1. Just for region 10-32: of the residues that are of a type in the set (D, E, K, R) and under 17 Å from residue 79 (Cα atoms), which one is most open to solvent (accessible area, probe 1.4 Å)?
2. Scanning region 75-93 for residues that are in contact (Cβ under 8 Å) with a residue 40 or more places away in the chain and open to solvent by less than 50 Å² (accessible area, probe 1.4 Å), which turns out nearest to the chain's Cα centre (by Cα)?
3. Report whether or not residue 36 is over 12 Å from the mean Cα position of the chain (by Cα) and within 20 Å of residue 8 (Cβ to Cβ).
4. Tally up the residues in region 33-49 that are among the polar types (S, T, N, Q) and open to solvent by less than 60 Å² (accessible area, probe 1.4 Å), please.
5. Can you list the strands (runs of 3 or more DSSP E) found entirely within region 21-130 that contain at least 2 residues being in contact with a Lys or Arg (Cβ under 8 Å, 6 or more places away or on another chain)?
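The values are calculated or read from the model by the stated rules, or taken from the named source; none is laboratory data. Please read these numbers as outputs of a predicted model, since none were measured by experiment. Cβ atoms come from the backbone with ideal geometry, glycine included; neighbour counts cover every protein chain shown. Surface accessibility is based on the protein's heavy atoms, side chains included, excluding ligands, DNA and RNA. Shrake-Rupley method; radii C 1.70, N 1.55, O 1.52, S 1.80 Å.
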Amino acid sequence: LFHSLSYGLGGGASARRLRAELEDHIAGHPDEDLNGTPIKDWVLWDSQMSVASYAAKMRDSNDWGGAIEIAVCARLRGVQVDVFEQSSGGGYTRISSFKNSDAAAGKKKPSKTVSVLYGGRCHYDALVVR
């Protein structure tokens, strides 16, 4: 996921640096509202861990990120992140779209759209939509 997001964001940010940025934000803002739900609740539902434990584990491992990291990335970078799956007919179907709260409320347009392809079991690849 972090490699795919880094690729889509452009600008030369490394996956490792993006991972650290997102996990630092998660650890430092457990009560921040993320699309109607505090980050700490997202973390608890997803991992059954405290925010501090989750962020430390994610920061210092090769575990794959998921919806929490996608939502935080959209918020911090002011982008929209669209998640696709491959369709049975060979094309792609958007299954989810993450926007920062200002963009979701129509107050501000996302600076760009980053597309990722969900491959199952928490695996994401970069996807270039033309």
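1. Within region 10-32, the match that is most open to solvent (accessible area, probe 1.4 Å) is 21.
2. Only one residue fits best here, namely 81.
3. Criteria not met by residue 36.
4. 2
5. 80-86
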